[in-house]
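The values are calculated or read from the model by the stated rules, or taken from the named source; none is laboratory data. Treat the numbers as computed from the prediction; the structure is a model and nothing was measured. Here the Cβ positions follow ideal geometry from the backbone for every residue, glycine too, while neighbour counts run over all protein chains shown.
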Amino acid sequence: MIEYSEFLEAKAPSAPSFGIVPSGTSAILYPFQRAITEWAIKRGRAAVFADCGLGKTLMQLEWARQSGERVLIVAPLSVSDQTIDEAQKLGMDVTWADRPIDGRGVFITNYQKLQHFTGGGYDAIVLDESSILKSLDGKTRTMLLRKFTDIPRRLCCTATPAPNDLSEIANHSEFLGVMPRNEMLASFFVHDSDGAGAGKWRIKGHAQDAFWKWVAKWAAYIRRPSDLGFDDGDFLLPELTIREEVVRSDWRPEGMLFAGALGGIQERRAARKSTIADRAAAAAKLISESNDQWLVWCGLNDEAKALQSALEGSVNIEGSTPDSERVSAERAWRLGQTKTLITKPSIFGFGMNWQHCHKMLFLGIGDSYEQYYQSTRRCWRFGQKHNVEVVIVVSEQEREIVENVKRKEAMSSELSASVIEHSRSAMIDEIIGSDSAKSEYSVAEKSGDGWTMKLGDCIERIREISDGVVQLSVFSPPFASLYTYSASDRDMGNSRDYDEFFTHFRFLIPEILRITQPGRRCLVHCQQVTTTKTTHGVIGWRDFRADIVRAYVESGWVYDGEVVIDKDPQTQAIRTKSKALMFVQKNKDSSWCRPAMADYILCFRHPGDNTVPIVPDVSNEEWIQWARPIWYGIRESDTLNAAAARTEKDERHICPLQLGTIERCVRLWSNPGETVFSPFGGIGSEGYVALQYDRKFIGIELKPEYWRQACANLANAKRQIDLFAQTV
């Protein structure tokens with residue numbers, strides 16, 4: 001069996017490395033670019049999520065130069081031309097190809113030609129503007145994930161993804177071979193009706209740090225060099241001015257006296273179409289009166305054509321423009337031969353370096369913040385020498401769309417700052433190699449009259465307890481549910497799968513046997529574990545109870561009984577929302593119906609002989625009830641108050657074991673003055689009952705909030721006993 005420290009190290013979410021040792025990295029790269037590039041070369045499979053203008057093209061080219069003899073770069077069509085030009089700065093030759101070319105070299109193609117390059121025998125592949133992974137049609141995305149993931153080294157480069165866009169992060173993880181999408185979701189997210197962003201998935205409260213630290217193992221997520229501890233130097237953005245040019249409009253929805261708030265997509269398109277002529281005229285006047293070059297973003301073909309007709313010296317690149325004309329027209333505008341470029345975000349909104357232009361105009365705007373952000377960043381990016389002006393020409397009715405985009409912009413900025421906060425130290429550790437991360441694990445101990453509570457990892461702290469000093473253990477183990485109560489890898493509940501939970505649990509079981517007096521008991525409270533369609537592919541149960549029995553028997557315990565604890569099906573239906581217990585499901589199709597989930601007390605005995613008989617203070621009438629295979633009359637609400645120990649990140653309310661259940665266990669299977677033990681002390685329920693019945697207690701708890709509450713509850717239990725004694 002591996003050492004516990006080795007298990008913990010392996011348990012932490014990781015990203016395997018497939019890279020090589022970097023050598024001779026170009027001196028023209030800025031220090032932060034060199035650090036990211038060399039880290040990516042060593043990783044072999046990595047993502048560079050760097051904001052616009054931070055030099056992703058140079059970084060990916062240097063990565064390609066060192067990562068293989070035969071390398072394919074895939075990029076949007078118009079970006080390919082710029083990439084070939086940038087390669088000259090590194091003394092590299094990059095060859096454009098619309099079909100595979102034999103021999104060594106770095107080749108570049110566009111996403112529309114990708115199907116021709118399957119099975120091309122490449123050592124490495126670069127996806128430029130890799131955010132396209134999430135927006136490509138299903139066929140192309142599937143081809144990337146199935147036909148190109150056999151290439152040993154892979155690099156993805158794009159601007160910082162939206163922090164709550166699970167599809168983008170998940171597809172990158174899957175393409176790079178870090179973790180499949182379904183495993184990522186099961187590990188860090190929860191699927192419920194309150195989720196925001198990607199369907200009903202939301203990140204678990206305690207998984208915030210863990211998730212972004214995991215992302216930091218394979219992705220560099222930076223908005224500026226200082227995010228990695230470097231000087232921002234030349235990477236400071238100029239001033240950005242955004243203003244609206246509002247065009248009057250008499251348009252209103254059909255059948256309405258006033259325009260009011262816009263409804264769905266149809267109303268938005270109708271409002272936009274109704275003012276094309278007026279908005280195009282306003283835009284043409286604005287641009288004509290300026291001596292600067294302009295970039296105009298349109299969402300509709302009719303908008304682009306109307307403006308081109310009204311504006312001399314403009315060029316319109318649309319979807320039907322042939323590739324060769326598209327490239328030459330863009331180059332002519334970039335070189336200053338054309339004053340105004342009119343196009344769509346879907347054509348040029350990603351990847352272009354247009355710092356030569358500092359005047360932009362949106363001829364109308366849609367609700368997509370990402371399109372707006374990416375389009376703006378073509379000119380407002382690091383390397384821009386002028387202040388940038390953005391004019392949004394809209395009708396009065398469309399101003400609410402502008403406000404919606406601004407709201408999304410503020411939210412995205414907030415979320416991006418949060419990502420850096422959660423991942424910065426881990427990212428610096430990965431890329432720079434410093435050891436800035438601090439362990440959040442701590443230990444402490446507090447004792448009172450007849451009790452001791454240890455803060456820390458139960459598997460390590462139980463080793464401090466002497467052999468054979470415990471007469472009874474009572475506890476409820478965690479039920480293998482990731483990031484429910486903490487983010488610690490020491491938390492047994494934080495297991496990627498069912499098997500990992502039991503690997504972790506098996507470190508504890510022999511230790512409990514060691515500290516238990518021969519012939520005495522360990523009582524394990526449990527419930528069956530459900531599976532879900534979303535996470536496991538099927539709605540059902542796992543026999544958690546039976547697997548605990550197997551683990552205990554393998555560790556030398558004697559399994560000699562169990563108690564079923566009756567549960568109220570209506571209460572359980574309300575709490576769990578299980579359709580299997582609902583009246584509506586019974587009346588619709590009872591094939592899905594099943595009984596409520598019971599609780600169990602599993603009885604295990606140390607195989608040695610008991611030398612001190614237990615003489616319980618249990619009457620014959622009580623024994624008649626407690627000897628039944630099913631315990632009735634246990635009130636589910638009969639617990640210590642857990643609210644004080646709960647934190648906002650907890651995914652579930654802590655569920656203390658019912659005091660009535662603990663009472664029966666303590667009174668039946670221990671003598672007054674003997675020691676009761678719990679390795680999962682929680683808020684001290686087992687100790688609270690033990691003290692009230694004149695036993696001693698030793699508990700261990702990993703989470704500081706619960707440990708502090710347990711200490712308070714144990715101290716209060718003794719005070720209540722003393723107060724009761726004074727009043728008798």
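Here are the numbers:
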quantity	calculated
Test: residue 620 is among the polar types (S, T, N, Q), assigned by TED's automatic domain parsing to the domain that holds residue 553 and exposed (fewer than 13 other Cβ atoms within 10 Å of the Cβ)	yes
Options 608, 556; residue that is in the same structural domain as residue 467 (by TED's automatic domain parsing), over 25 Å from residue 672 (Cβ atoms) and in a loop (DSSP other than H, G, I, E, B)	556
Enumerated strands (runs of 3 or more DSSP E) restricted to the stretch 41-120, each holding at least 2 residues that are touching a residue at least 24 places away in the same chain (Cβ under 8 Å) and over 28 Å from the mean Cα position of the chain (by Cα)	70-75, 105-110
Count of the stretch 281-315 residues which are acidic (Asp, Glu) and out of contact with any helix residue (DSSP H, G or I) (no Cβ under 7 Å at 6 or more places or on another chain)	3
In the stretch 105-134, residue surrounded by the fewest Cβ atoms within 10 Å (Cβ to Cβ) [restricted to those that are at pLDDT 95 or above and farther than 30 Å from residue 166 by Cα]	105
Residue match in the stretch 163-177 (condition: assigned to a loop (DSSP other than H, G, I, E, B), more than 24 Å from residue 68 (Cβ to Cβ) and more than 13 Å from the chain's Cα centre (by Cα))	no
Lone unmet requirement of (1) within 28 Å of residue 59 (Cα to Cα); (2) modelled with pLDDT of 85 or more; (3) in contact with a Lys or Arg (Cβ under 7 Å, 6 or more places away or on another chain) for residue 432	(3)
Evaluation of residue 676 against (1) at pLDDT 95 or above; (2) within 32 Å of the chain's Cα centre (by Cα) (one fails), failing number	(2)
Residue 372 vs. criteria without any contact (Cβ under 8 Å) to a residue 40 or more places away in the chain and aromatic (Phe, Trp, Tyr)	yes
Residue match in the stretch 494-513 (condition: small (Gly, Ala, Ser) and surrounded by 15 or more Cβ atoms within 10 Å (Cβ to Cβ))	yes
